[in-house]
Amino acid sequence: MVLIPRSFEEWYKRFSKEEKMWISIALATALILVLTTLTWPLIDPMRQVPSSAKEFDVAAYKELATNFSNKYNNKLVPPDIDIYILAQQYYWSVSKIILKEGVNYRFHVASADVLHGFSIVGDSAVYNIMVMPGMVYSFTMNFNKAGTYYVICNEYCGYGHGGMRMIIEVIP
Amino acid sequence: MSSYILSFGSLKVYNKTKHLIIANFIMALISLAIGGIAAIFIASGRSGISSLINILGISDMNYYQWLTLHGMNMLIFWIVWAEIAILYFTSSVLLSWPIYGYRIAWFALSIMLYGQILVEYSIFSGNASVLFTAYPPLAADPLFYIGYIAFLFGAGIAVIMFFATIYHAKVNEAYKGSLPLVTWGAAIAGIIALTGVFQGIITLVYTLAWRIGLTSMNVMAYRWFFWGLGHDAQYVNVVATIAVLYALVVLGTNLSAMKFINERYAKLAFALVTLFVIPGIGHHILVDPGFSIILKQASGSVGSHFLSIPTLMHAFALAGAMEAVIRASGHTSLFGWIKRIPWSNPAISATVLVLISFAIGGILAQPQTTLQPNLNYHNTLWVPGHFHLMIAGGTTLAFMALSYYLFPILTTKKLYSVKLAKIQIYTFFFGILILALTMTILGYEGDPRRTFMDPSAILSSWYISPLIFVGASLAILGGAMFIFNSIATVLLSKSSKNPLEGLITNYDIKEGANISKRGALALCISIVIILLLLYFFSFIRLAAMPEFY
């Protein structure tokens with residue numbers, strides 16, 4: 001039966017009461033998971049996967065990122081200024097930025113060469129997205145807690161990958 | 001041709017088949033050994049850069065090389081070689097028919113071996129430290145892609161030979177009626193394997209063309225189609241593992257459990273996997289730019305969640321079969337049978353431990369496949385925590401346990417050491433459990449996977465990272481015990497009339513005994529409720545995060 005061939009009549013049995021019950025429970029479990037997944041964007045609209053991604057010109061984006069880095073590296077970023085970050089083997093275009101708590105900031109992240117990961121880690125906050133060549137990812141971020149956050153690369157990008165780090169200082 | 005008598009009749013083991021299965025399994029053991037050696041190095045490096053454990057000289061110059069070696073050998077080579085041995089076993093031995101296209105099967109083996117040697121060589125030479133996913137534009141030595149393609153091509157031929165053998169056994173009336181459940185499960189694994197191999201070859205030929213300058217590379221297309229291979233291959237593992245678990249429950253109870261498995265129910269569950277597996281690819285691209293939210297929700301989240309239906313169904317079938325066997329031999333209380341599970345029988349203990357591993361690993365997967373919580377877990381150590389429970393604590397452990405029965409049946413030799421086999425199952429399981437739970441906790445805090453860095457600066461729980469080395473060492477010890485026992489069985493053991501002695505628990509089935517599966521049902525329901533609560537915990541955590549949209 002399990003290890004040897006049997007005729008159709010021998011193995012084609014009705015489901016027992018327990019089996020029927022368990023199939024409905026398995027189905028219900030999957031439906032709970034699916035419904036939670038589908039409704040959660042409505043319940044918590046403030047924590048979404050960013051949906052804005054555009055193709056970009058590397059040279060033009062590099063200029064935006066360099067300009068941003070020259071002006072605001074290690075400085076407080078005003079709320080109406082867009083933050084441009086470019087990832088390359090093996091550094092971020094800006095090494096430290098200072099942000100205000102509770103203020104909406106517009107981030108743009110892109111890669112100049114291979115795949116990178118944009119991962120914010122700090123004080124029980126973890127946020128991970130992919131950074132790709134050819135696509136600029138844009139999203140709004142609002143830190144609700146002051147503190148030091150680290151941006152690390154979490155998609156393998158080559159030998160220096162572990163050292164790719166940037167700091168976001170959030171002040172009250 | 002040797003034949004082997006199990007209590008239900010005789011199994012014919014053709015010499016040709018035997019040699020082919022053992023050759024494939026020996027290749028699997030070699031790959032497991034290489035992957036295990038690599039595991040020592042990466043666990044030592046990962047366990048804390050500044051700690052004393054890192055005495056093997058791991059730095060960011062060689063960590064990724066070892067990691068590529070570990071990933072390729074464990075996820076691709078060990079599993080695929082072992083699966084092909086199992087496919088040949090379930091077709092040729094269980095249907096008592098010689099492998100069809102015997103020479104083609106050896107040709108497949110040599111192509112795979114050729115591919116594996118090219119891949120290992122390119123990794124050792126240091127020109128292919130691109131990890132098992134090989135995401136372009138990170139480029140590897142062209143030999144790496146050629147070897148990868150050759151290995152997949154050979155594996156595809158082997159799967160086709162499996163189907164050809166079933167077809168010929170059927171046409172020549174080697175068996176009457178329907179395929180046995182285990183062969184049926186293996187055939188489902190084979191179908192998924194063919195889709196995976198097909199997508200994998202397309203992706204890698206495209207990548208090779210890009211690597212030698214013939215075309216440009218679309219990174220998004222690569223990620224989607226590569227996961228056609230990567231995702232399907234993992235479901236080949238899950239399906240093959242479950243088929244193996246049915247075989248283990250039956251073999252370990254000396255076929256007593258066979259009557260208590262409803263084959264129609266189990267076959268339905270296997271069929272549902274094929275239905276749900278293809279739409280599930282999307283959970284690998286949930287945080288990629290460029291794919292629409294609708295695709296991510298439909299494929300990544302909804303498609304993947306439905307995969308929990310067949311796996312839950314199998315869990316109950318296996319637990320229920322155990323309960324029914326024990327109850328039918330005279331123990332009638334609702335949960336009393338759990339105490340009576342024969343914990344020193346390697347087939348049964350492995351089945352229970354694999355199910356535990358799948359339950360924990362499975363629930364860790366759910367937040368990752370849900371769009372929003374996945375922002376917390378993507379590419380953190382949580383991910384390898386999850387898949388070590390699935391592939392090492394699940395698939396690998398099940399294959400190890402099966403080999404303790406497969407070698408004696410094939411060669412009619414006794415297992416070299418039954419005692420070692422019993423201890424090995426627990427050593428390996430607890431090693432993987434410690435390793436995976438440590439990874440999960442670190443990943444929860446945001447420790448990135450595939451990254452060689454000192455976590456002490458950014459993580460509050462960095463000090464538990466040496467436990468990775470503790471868990472890995474135990475698991476590697478378990479792996480070494482397994483490899484030693486298998487090779488010693490083939491080379492040193494003597495033939496015996498009853499080669500499975502000591503590996504089997506006999507049950508005295510009483511006619512008309514109460515064989516309800518209510519205990520297993522109650523157990524499964526309580527576990528699912530606990531798991532669902534853990535799943536909802538990931539949303540509570542999400543609500544405390546900064547806002548991002």
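The values are calculated or read from the model by the stated rules, or taken from the named source; none is laboratory data. Here the structure is a predicted model, which means the values were calculated and not measured. Because the Cβ atoms are built from the backbone with ideal geometry, glycine has one as well, and the counts that use them run over all protein chains shown.
For this structure, a couple of remarks:
- Matching residues, segment B:278-295, being in a helix (DSSP H, G or I) and within 7 Å of another protein chain (Cβ to nearest Cβ): B:I293
- Among (1) surrounded by fewer than 24 Cβ atoms within 10 Å (Cβ to Cβ); (2) at the interface with another protein chain (Cβ under 7 Å from one of its Cβ atoms); (3) touching a residue at least 40 places away in the same chain (Cβ under 8 Å), the one test that A:Y127 misses: (3)
- Counting the residues of segment B:328-346 that are out of contact with any helix residue (DSSP H, G or I) (no Cβ under 6 Å at 6 or more places or on another chain) and not β-branched (V, I, T) gives 6.
- Checklist (1) more than 14 Å from chain A (Cβ to nearest Cβ); (2) crowded, with 24+ Cβ neighbours inside 10 Å; (3) closer than 17 Å to B:F144 by Cβ applied to B:L75, failing item: (2)
- Set side by side, the residues B:I192, B:I201, B:I188 differ, and just one is more than 14 Å from every other protein chain (Cβ to nearest Cβ), closer than 30 Å to A:A110 by Cα, within 24 Å of the chain's Cα centre (by Cα) and among the β-branched types (V, I, T), which is B:I201.
- Lone qualifier among B:I49, B:I55, B:I30, B:I26 - being of a type in the set (A, V, I, L, M), more than 15 Å from B:A472 (Cβ to Cβ) and at pLDDT below 90: B:I49
- Neighbours by Cβ (under 7 Å, 6+ apart or cross-chain): first from segment B:238-251, more than 14 Å from chain A (Cβ to nearest Cβ); second among the aromatic types (F, W, Y) and assigned to a helix (DSSP H, G or I): B:V239/B:F270
- So B:A520, is it in a helix (DSSP H, G or I), within 14 Å of another protein chain (Cβ to nearest Cβ) and at pLDDT 90 or above: yes
- For segment A:141-162, a residue qualifies if it is in a strand (DSSP E or B), over 14 Å from the mean Cα position of the chain (by Cα) and either farther than 17 Å from B:I458 by Cα or not assigned by TED's automatic domain parsing to the domain that holds A:V114 (or both), and exactly one does: A:N142.
- In segment B:135-172, the residue that is farthest from B:L109 (Cα to Cα) out of those that are β-branched (V, I, T) and touching a Phe, Trp or Tyr at 6+ places or on another chain (Cβ under 8 Å) is B:T165.
- Restricting segment B:329-383 to residues that are of a type in the set (V, I, T) and over 26 Å from B:F399 (Cβ atoms), the residue that is nearest to the other protein chains (Cβ to nearest Cβ): B:T370
- Test result for A:Y90, farther than 21 Å from A:A59 by Cα, assigned by TED's automatic domain parsing to the domain that holds A:A60 and touching a helix residue (DSSP H, G or I) at 6+ places or on another chain (Cβ under 7 Å): no
- Condition check for B:G502: in a helix (DSSP H, G or I) and either more than 10 Å from chain A (Cβ to nearest Cβ) or touching a residue at least 12 places away in the same chain (Cβ under 8 Å) (or both): no
- Every residue from segment B:214-234 that is under 26 Å from B:A398 (Cα atoms) and free of Cβ contacts under 8 Å to residues at least 60 places away in the same chain: B:W227, B:G228, B:H231, B:D232
- Verdict on B:A324 being surrounded by 22 or more Cβ atoms within 10 Å (Cβ to Cβ), at pLDDT below 90 and assigned by TED's automatic domain parsing to the domain that holds B:A247: no
- Annotation: of all residues in segment B:252-269 being in contact with a Leu (Cβ under 8 Å, 6 or more places away or on another chain), within 11 Å of chain A (Cβ to nearest Cβ) and assigned to a helix (DSSP H, G or I), the one that is nearest to B:S403 (Cα to Cα) is B:M258.
- The set of residues in segment B:371-427 that are farther than 22 Å from B:L75 by Cα, polar (S, T, N, Q) and touching a Gly at 6+ places or on another chain (Cβ under 9 Å) comprises B:N374, B:N376.
- Number of residues in segment A:4-40 that are more than 7 Å from chain B (Cβ to nearest Cβ), under 25 Å from B:H284 (Cβ atoms) and of a type outside the set (S, T, N, Q): the value is 2.
- On the stretch given as segment B:117-164, residues that are more than 24 Å from the chain's Cα centre (by Cα) and either in contact (Cβ under 8 Å) with a residue 60 or more places away in the chain or within 14 Å of chain A (Cβ to nearest Cβ) (or both) total 11.
- Of the residues B:L275, B:L229, the single one that is surrounded by fewer than 20 Cβ atoms within 10 Å (Cβ to Cβ) and either touching a Cys at 6+ places or on another chain (Cβ under 6 Å) or not in a loop (DSSP other than H, G, I, E, B) (or both) is B:L275.
- Number of residues in segment B:327-372 that are among the hydroxyl-bearing types (S, T, Y) and either crowded, with 23+ Cβ neighbours inside 10 Å or not assigned by TED's automatic domain parsing to the domain that holds B:L435 (or both): the value is 4.
- Within this structure, A:Y105 fails the test of being within 21 Å of the chain's Cα centre (by Cα) and more than 14 Å from every other protein chain (Cβ to nearest Cβ).
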